[in-house]
Every structure is written in C-alpha cells, then in structure tokens.
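The block underneath contains the structure these notes are about, expressed in structure tokens.
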Number of protein chains: 2
Amino acid sequence: MPVQAKVHYGGECQRYKRWSPEVNKIIPICFCFLAEVDEEWQGPEENVAHVPFSAEHYTEAEMIQRSKMFYELLNKRRSVRFLSDEPVPREVIDNVIRTAGTSPSGAHTEPWTFVVVQDPYLKHKIREIVEEEEEINYKKRMGDRWVNDLKRLRTNWIKEYLDTAPYLILIFKQVYGWLPNGKKKTHYYNEISVSIACGILLAALQVLIPKKLA
Amino acid sequence: MPVQAKVHYGGECQRYKRWSPEVNKIIPICFCFLAEVDEEWQGPEENVAHVPFSAEHYTEAEMIQRSKMFYELLNKRRSVRFLSDEPVPREVIDNVIRTAGTSPSGAHTEPWTFVVVQDPYLKHKIREIVEEEEEINYKKRMGDRWVNDLKRLRTNWIKEYLDTAPYLILIFKQVYGWLPNGKKKTHYYNEISVSIACGILLAALQVLIPKKLA
C-alpha cells in the first residue's frame, strides 16, 4: 500500500506525494542528493571565500550576436514525449544540475533538491506512481475542462519515456528547512525559486544540442 | 490615489498590484507588449509551420566540455543591487526576451508578459511604487522573522538601481486568458511557467558576460 513521503526529506513534490514501500526501500541510492535537504543553517557566510564580481562585457555588436545565437539555440528546444535511450555521461548530468544550482532564490535559501535516478527498476517504479496519479488527473481530479484543453497536445497518462530515458532528474521544492535549534526555517518563495532553477536547468540541457554559440 | 491595475491586462504581478494614476497615463508606451496579453485563443495550431525536431547531439567529450563551460559561465552570475547605467542595444533585450519566450509552459499557454521600460520618468514612478510596497514589507507586512532572515543580505527597501538600469524588464504572470467567446481561459501552473521562463531569461542575460563557450 502506498505511504506518504517522509517529511524529513524536506522536499515536497507536487505530483509525487505518494511513495510505494518498494521505492522507500530503494531510495537510499539517492541520499547523496537528499542529504543536502537537511543541511544546517550556516549563519552569515563568513567561511565562504569572497569571489569578486566582474562587470566585464562584450561590445554591443558581440552582445547582439551572442543574444541572437542563444535565442536560436534555445528556440530549438521542444517538449517531447519520446526519448532516446542513448547513454549520457553522468558528468554531464552533474554539470547541468550544478548549473541549475547557481540560480537565485528567495533570501538565498536555495530551496531545491535534485535527485538523479538511473536504476531501471527504480525508474519503472516511479513511472508506475506517476502514471497512477496522472490517470486520476485525467479521469477525475482535474475535470473535463483540463482534459479538453490538453486534447490538442495529444497527451495522456502513459509515460513510456520514464523507462526509456537514461536518467530521470526529480526536482523537489523544500518548503522549509531546519535550523540548528530544531526549529523550522522558512523558505520564502520556494516554488518560484525552484521553477527559476528549472529554467536554468533546461537552458543547460539545451546547450548540449549542436548550434554554434560563436 | 493609487488604483488597482486593470484586469484586462490579463497579467498579475505579485508585488506591484497598485498603480498610480500617473503610471496608468504613461503605460501605453508598453502596449506593444501588453497587447499580447489579450491574444485570442488560436485553436489547434494548423496555421503554424511544422519545425521538425532534431535529435543531433555532440560527442560525449564535447557534451562534458560544453556542460562544464556553461556551468562556469552561469556560476559567475551574481544578484547585485548596484547596476551600471551603460546603454545596451535594445536588440539585445529583445533577443533575451524572445529566448525567455521559448520556455515550456503548462498546456502550452505561455502565460507571461514581458514589459520593457526605458523611459526615465516611468522607471522612477515604478521605483516609487516598489519602494512604497517594500517599505511596508519591511516595516509590517512580512514580520520580524522575514526582516531578520534578510539581515545578512544587507538589503532594504531603497532601490536606486531601478533608476540607474538602462532598462527594467517587468515580468507579469497571466493568471488567465480570454477565449474568442469572451470566457476565461485557464492558465494552468501559470506561476511555475513564468518562473521557468525567468530562469531562461537569466541564462540568456548571463551569456552576455565574457566567458568563452568553446
């Protein structure tokens, strides 16, 4: 029987609130990521080296050229529902997630957790949970209007690509964190902050698509 | 006396809900952008040319290299509260906003409006509204805890940079749109969608900072 995700993960995922016991058993492979969730409040960052801000920039012509090239690159992005199973070096995924982690966030709380899943069995268990929830969305939760609005996109609750993709990147918002004194630490604008980080993640992935950037 | 923003803009901005009559008088300079807000429902996109998806990608070594370079570039981004007044070609800003507009969105509703403000008088009026609202945030709306949490960031409600920057890009979420029959069109996940677009906008701006991308 499915159970609630344990709150000590500190992350809350809108869609995947229920985890089957099997998933709970397997989830420790992700602890390298989830461990960050309970990271303690560091106080003023006195131990962090100061990196001076550089205000260098390109010439006007170069800026026009670069902004145009980046637009053309990002404009090639498509939301697809069929994915390649070709392997991708793990280092690429790590760099992409590090890039997302440079995102700004409300009061610099960095309220995100990225979980990379590569294990085929775990990917399949996640697919089952997602499809079960999505089927409820389509059949009763979201209503006729939502189903009708999605018709032209020709989507449904079957998500084969969750098995196919070499990696799944699960993105969690941390609605709060913990202070050393055991009290909750508010994460202001956590959903907005995590979504901005997702935008940067998408840009970082699109940089892997060939299109010369000058 | 400040008045509510007119709902036919279709956009709602969390912080700047009140507009002074002066701003309302001036706002038509932005209509080229705001006009998009009332865009009619196009139905299935039969008139839009089909752009085939390309699944080309770099070699593994190239992907590692590019993902690393992009991380290093984005990692140079800083949230600053002092800005240069140096002019920037408008074409650059347009390209950056076009790039943000390639973002995915819930049910492809694209529920965003970007308003570029260059007029010094209008920028100053916006600064006044923002500072007025922010002063309320600091002094009573958000509470002691919020004020305390922000202390280490050394921020306050004074935002000189809103006068200094050559452009302000105001970003609105469209909580709903309009159908040709005059009924409201739901914009699913509008805040998440707009925030993802903001992440892509930030990436596009950071591409203007010198750091070779190979």
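The values are calculated or read from the model by the stated rules, or taken from the named source; none is laboratory data. Remember, it's a predicted structure, so these values are computed and weren't measured experimentally. Virtual Cβ from ideal backbone geometry, glycine too; neighbours counted across all protein chains shown. Surface accessibility is based on the protein's heavy atoms, side chains included, excluding ligands, DNA and RNA. Shrake-Rupley method; radii C 1.70, N 1.55, O 1.52, S 1.80 Å.
Assuming a viscosity of 0.890 mPa s and a temperature of 25 °C, what translational diffusion coefficient in µm² per second does Stokes-Einstein assign to region B:155-211, Rh being the Kirkwood radius over Cα pairs?
Working: Rh = 14.5 Å.
Estimated diffusion coefficient is 169 µm²/s.
Could you tell me what percent of the accessible area of region B:138-214 is made up of carbon and sulfur, with a 1.4 Å probe and every protein chain present? Could the numbers behind the result be given before it?
Values: 2160 of 3910 Å².
For region B:138-214, the apolar C and S fraction of the accessible surface comes to 55 percent.
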Judged on accessible area alone, 1.4 Å probe, highest first, B:LYS183, B:LYS68, B:LYS125 line up as B:LYS183, B:LYS68, B:LYS125
Could you run the numbers on buried accessible area between B and A, total for both chains, 1.4 angstrom probe, in Å² to the nearest 100?
-> 6400 Å²
Run the numbers on region B:57-72: which residues show a drop of 30 Å² or more in accessible area, chain on its own versus all protein chains together, using a 1.4 Å probe over heavy atoms?
-> B:HIS57, B:TYR58, B:GLU60, B:MET63, B:ILE64, B:ARG66, B:SER67, B:PHE70, B:TYR71
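Taking each residue in B:96-103, count the Cβ atoms of any other chain within 10 Å of its Cβ, then average. What number comes out? Spell out each step's value before the answer.
Details: counts 4, 2, 7, 9, 3, 3, 11, 6.
Across the residues of B:96-103, the mean count of other-chain Cβ atoms within 10 Å is 6.
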Taking a quarter of the surface of the convex hull around the Cα atoms of region A:110-214, what do you get in nm²?
-> 10.7 nm²
Which FRET efficiency, nearest 0.05, do B:VAL80 and A:LYS76 yield, Cβ-Cβ r, R0 41 Å?
-> 0.85
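Could you give the length gained on full extension between B:ALA49 and B:GLN65, defined as 0.36 nm per residue of separation minus the Cα-Cα distance, in nm? List each step's numbers first, then the result.
Working: separation 16, 0.36 × 16 = 5.76 nm, distance 3.41 nm.
Extra length from B:ALA49 to B:GLN65 when fully extended: 2.4 nm.
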May I ask you to list the residues of region A:76-97 whose amide nitrogen lies under 19 Å from a point 7 Å from Cα along the Cα→beta-carbon direction of A:ASN137?
-> A:78-83
How many nanometers, to one decimal and shortest first, lie between the label point of B:GLU133 and those of its other copies, if labels sit 7 Å from Cα toward Cβ?
-> 3.1
Taking a label point 7 Å out from Cα toward Cβ, give me the nm distances from B:ASN75 to the same spot in the other copies, shortest first, one decimal.
-> 3.2
Which residue of chain B is nearest the rotation axis onto chain A, counting by its Cβ, and what is the distance in whole Å?
-> B:GLY199, 1
at A:LEU170 the sorted inter-copy label distances (label 7 Å from Cα on Cβ side), in nanometres, are 4.1
